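Engineer: Before I ask anything, here is the structure I am working with.
The values are calculated or read from the model by the stated rules, or taken from the named source; none is laboratory data. The shown structure was predicted, so the numbers you read here are calculated from the model rather than taken from an experiment. When we count neighbours, we look across all protein chains shown, and the Cβ atoms used for this are built from the backbone with ideal geometry, even at glycine. Protein only, heavy atoms only, side chains kept; ligands, DNA and RNA dropped before computing areas. Shrake-Rupley method; radii C 1.70, N 1.55, O 1.52, S 1.80 Å.
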Amino acid sequence: MSSTSAGIASIGLQLPPLFMPVTQLAELRGVDPNKYTKGLGCTDIALCPNGHDAATLAVGAAKRALSRWKGSVSDIGLVAVGTESAKDMSRPLSAWVAEELGLSGVIRSYEVKHACYGGTLALRQALEWKWSGAGAGKAALVIASDVALYALGDPGEPTQGAGAVAMIIDEPLVASVSPTSFPFSSPAFDFWRPVGDSFPSVDGQLSLDCYKRAVIECFSALIGDRNARSMLTEYHAHCFHVPFPKMVKKAVLHLGAELGWSLEETEAFYQRKVEGTLEWNQLTGNAYTASLWISVARALVGLKQGTPITAFSYGSGYGAELLELAAGPAAASAAWASDVEKDLSQRKPVDGVGYQRLRGHALAS
Ligand code: CAA
């Protein structure tokens, strides 16, 4: 395989073994459940039990990606983990993954941080490492893994979630990725977590505005001087980072207005090209770096080889990038869908009391 044709060879996903419907959280917080379900578009929050963290999820996803790849760990020359759930300020999350997988030797191993954009950056770096020939024939293992938790009672609480997506960069059997991409960044304090703080600080309205501006900037760069209507409908689907499902709809409505589309036209575009990509995200909640890649994994299921999609990555702070992908031959059978089906069918519900206990705030009974 020539290095310039490298793409995503295999995907594995790992979702946590617990979840809570947002309606249970609404009851706990004394909020109208419609605010969470209709207002934010959320359904479930995926939750980790004690002792389960971003490293556990990353290792699970990586094992699954490796299990359906023809190579072995000795063929890997780079392991990069995008996360904002770091376990340590120095030791990269990739070291925990490498330990579990028996990866050591002539391997570049590191963690990438840029809020929810970190997984996409790790993917781009791995692809560019392959495309440049620097990988010298080796494959890369890229993982996006996060546990998203806010302070109890924070407005972000119903958007919590967790999950990991691992991708092996080698032959483009799952998808090819266009070398041209459309980045945009502009420094802001929209969502941040100071060193030593357990939970993020958020300027909610600013974060929504930054996300929407990034969508306009990245899509405008993709569209260029072409006809937006015809070129955007040529893609089978448009995937987005999903902090909460309604954010994606807000961004698409904003894009439609910017392009001069009628509300009806934008709604129809959203239903045809975007809504279906959110199916798994609604059941995981926000998985930060993994959110976009959960959406992409869903969008690729069953696609004919060559079918194009886009992927919009957003990370607070803020940085964004719009990628173009095309389905590979393995998308038609989409073996990775079984990871999600298995995890969703086996996970256990947690009620309000169980949730408080899990968060270390057991209710006094
Ligand atoms: N029935 C139906 N809808 C209701 C309702 C009810 N009873 N009550 C309220 N709503 C609607 C509101 O009208 C609103 O909808 P619109 O925005 O369409 O008007 C929606 O529910 C949410 O209500 P609020 O705006 O009052 O919600 P909030 O202020 O309590 O919290 C939030 C919203 C600020 C986004 C909060 O969830 C939050 O801080 N989330 C974390 C930050 C975030 O996700 N930002 C997104 C961009 S940043 C990013 O992408 C990075 C990342 O992953 C975090």
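Engineer: On the given criteria, is ALA162 within 14 Å of the ligand (Cβ to nearest atom), surrounded by fewer than 19 Cβ atoms within 10 Å (Cβ to Cβ) and outside any helix (DSSP H, G or I)?
Structural biologist: Criteria not met by ALA162.
Engineer: A follow-up question, please. Just give me the residues in segment 109-131 being away from the ligand (no atom under 16 Å from the Cβ), touching a helix residue (DSSP H, G or I) at 6+ places or on another chain (Cβ under 7 Å) and assigned to a helix (DSSP H, G or I), in sequence order.
Structural biologist: Hits for segment 109-131 are LYS130, TRP131.
Engineer: Considering ALA334, ALA326, ALA268, ALA299, which residue is more than 16 Å from the ligand (Cβ to nearest atom), under 28 Å from CYS48 (Cα atoms) and either at pLDDT below 95 or surrounded by fewer than 23 Cβ atoms within 10 Å (Cβ to Cβ) (or both)?
Structural biologist: Among ALA334, ALA326, ALA268, ALA299, only ALA334 is more than 16 Å from the ligand (Cβ to nearest atom), under 28 Å from CYS48 (Cα atoms) and either at pLDDT below 95 or surrounded by fewer than 23 Cβ atoms within 10 Å (Cβ to Cβ) (or both).
Engineer: Here's something else I'd like to know. What pairs come up if the first residue lies in segment 16-40 and is within 12 Å of the ligand (Cβ to nearest atom), the second is open to solvent by 50 Å² or more (accessible area, probe 1.4 Å) and of a type in the set (Asp, Glu), and their beta carbons are under 8 Å apart, counting only those six or more places apart or on different chains?
Structural biologist: ALA26/ASP32; PRO33/GLU27
Engineer: Look at segment 132-150 and say how many of its residues are in a loop (DSSP other than H, G, I, E, B) and surrounded by fewer than 17 Cβ atoms within 10 Å (Cβ to Cβ).
Structural biologist: Residues meeting the conditions: 4.
Engineer: Take segment 10-42 and flag every residue that is assigned to a strand (DSSP E or B), open to solvent by 10 Å² or more (accessible area, probe 1.4 Å) and closer than 30 Å to ARG68 by Cβ.
Structural biologist: GLN14, LEU18, PHE19
Engineer: So which of VAL81, VAL106, VAL59 ends up being among the aliphatic types (A, V, I, L, M) and in a loop (DSSP other than H, G, I, E, B)?
Structural biologist: Just a single option satisfies the conditions, and that option is VAL106.
Engineer: Of ALA61, ALA95, which residue is open to solvent by less than 10 Å² (accessible area, probe 1.4 Å) and in the same structural domain as LEU149 (by TED's automatic domain parsing)?
Structural biologist: ALA61
Engineer: Among the listed residues GLY153, GLY102, which satisfies the condition of being within 29 Å of TYR355 (Cα to Cα), modelled with pLDDT of 95 or more and either within 16 Å of the ligand (Cβ to nearest atom) or open to solvent by 50 Å² or more (accessible area, probe 1.4 Å) (or both)?
Structural biologist: GLY153
Engineer: Could you say which residue among SER67, SER90 is among the hydroxyl-bearing types (Ser, Thr, Tyr) and within 15 Å of ILE11 (Cα to Cα)?
Structural biologist: The match here is SER67.
Engineer: Of everything in segment 179-202 that's under 19 Å from PHE240 (Cβ atoms) and of a type in the set (Gly, Ala, Ser), which residue is farthest from the ligand (Cβ to nearest atom)?
Structural biologist: Per the criteria, the residue is SER181.
Engineer: Another question, then. So is GLY315 open to solvent by less than 50 Å² (accessible area, probe 1.4 Å) and within 20 Å of LEU173 (Cα to Cα) or not?
Structural biologist: Taking the combined requirement at face value, the residue does not satisfy it.
Engineer: A further question follows. Cβ-Cβ under 6 Å, sequence separation 6+ or interchain: first residue in segment 124-137 and closer than 21 Å to LEU322 by Cα, partner open to solvent by 70 Å² or more (accessible area, probe 1.4 Å) and not in a loop (DSSP other than H, G, I, E, B). Which pairs?
Structural biologist: The qualifying pairs are TRP131/THR4.
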